[in-house]
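Below: the structure, in structure tokens.
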Amino acid sequence: MKRVLLSGIAIVALVPFGCQSADHSPPVGGKSESQHTGPSWGYQPHNGPALWGTLDPTFSKCALGKEQSPIDLTAGGSADPLAIEFDYRQTRIAVENNGHTIQVNPDLGSAIVLNGVRFDLLQFHFHHGSEHTVDGNQLPLEMHLVHRSDGGSLAVVGVLFEEGPANDTLAPVWSHLPPEPAASHVVASGLDLASLLPTTRTMWRYRGSLTTPPCTEGVNWIVLTEPLTMAPDQIAAFGAIYPNNFRPVQPLGERVLDCG
Ligand SMILES: [Zn+2]
């Protein structure tokens, strides 16, 4: 009883500090989120997706937003594949454990063109298990390629992974998976981004949000319908670092899933 009461006080006391704090950046380089007193978030019972909206005022969209991601997708059909063009290139990469996921930072130069607007690829990262589900089924892993236009709009391409043959394209990343959050990045020699995607470019499209705090809306979501494969030991290697870093599916609400 006492413990419950104390933790309630702690939450109330933290909110004003959260309002005044100018630094809401994730604890890159930090040792453990659980010991932080700021608005850190994670996937544990005390800081997980169900609580994100209460952890900090700037995270309110996580609880109150009406166009949130991820969502459950319906198998079959596809949005117009001609509406999106991939301009992905060979690049050097830096691999980083940022405390929430493994993130890969390529050189600038790769992009997608969506309805005539160019969105530059900024980074890509992974969720274990998948965030989007297909007919209610969760897959082992999902990759998010995050792009931004000159106007500041975001477009995220989601690629699902199922268990199967090893993924050789991602081997340079997987051979450098940093087990602990660290400020320094591990740089791998190169990656052919063009071969990172499934050959079938059918997709779902919808309007959603970031799947992590602050759950910002207005994100153009493109999820490719064809999953890639990854070997069980590759999936397990990521799972050993992040056993559970996915947000559960959110209501579709008034939105329309564009699947042709
Ligand atoms: Zn993501």
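Name the single residue, out of those in the stretch 207-260 being of a type in the set (Ser, Thr, Tyr) and assigned to a loop (DSSP other than H, G, I, E, B), that is surrounded by the fewest Cβ atoms within 10 Å (Cβ to Cβ). Looking at residues that are of a type in the set (Ser, Thr, Tyr) and assigned to a loop (DSSP other than H, G, I, E, B), I get 216.
Would you please name the residue that is surrounded by the most Cβ atoms within 10 Å (Cβ to Cβ), looking only at residues in the stretch 166-191 that are in a strand (DSSP E or B) and of a type in the set (A, V, I, L, M, F, W, C)? Looking at residues that are in a strand (DSSP E or B) and of a type in the set (A, V, I, L, M, F, W, C), I get 191.
Each row is one residue, and each column tells you yes or no for (1) within 15 Å of the ligand (Cβ to nearest atom); (2) modelled with pLDDT under 95.
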position: 120; (1), (2): no, no
position: 128; (1), (2): yes, no
position: 144; (1), (2): yes, no
position: 147; (1), (2): yes, no
position: 150; (1), (2): no, no
position: 158; (1), (2): yes, no
position: 177; (1), (2): no, yes
position: 189; (1), (2): no, yes
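Listed by first and then second residue, the pairs with beta-carbon distance under 7 Å, at least 6 apart or on different chains, first residue in the stretch 142-171 and basic (Lys, Arg), second crowded, with 21+ Cβ neighbours inside 10 Å, are 148/119.
The values are calculated or read from the model by the stated rules, or taken from the named source; none is laboratory data. This is a predicted model, so every value here is computed, not measured. Heads up, the Cβs are rebuilt from the backbone with ideal geometry, glycines too, and the neighbour counts pull from every protein chain shown.
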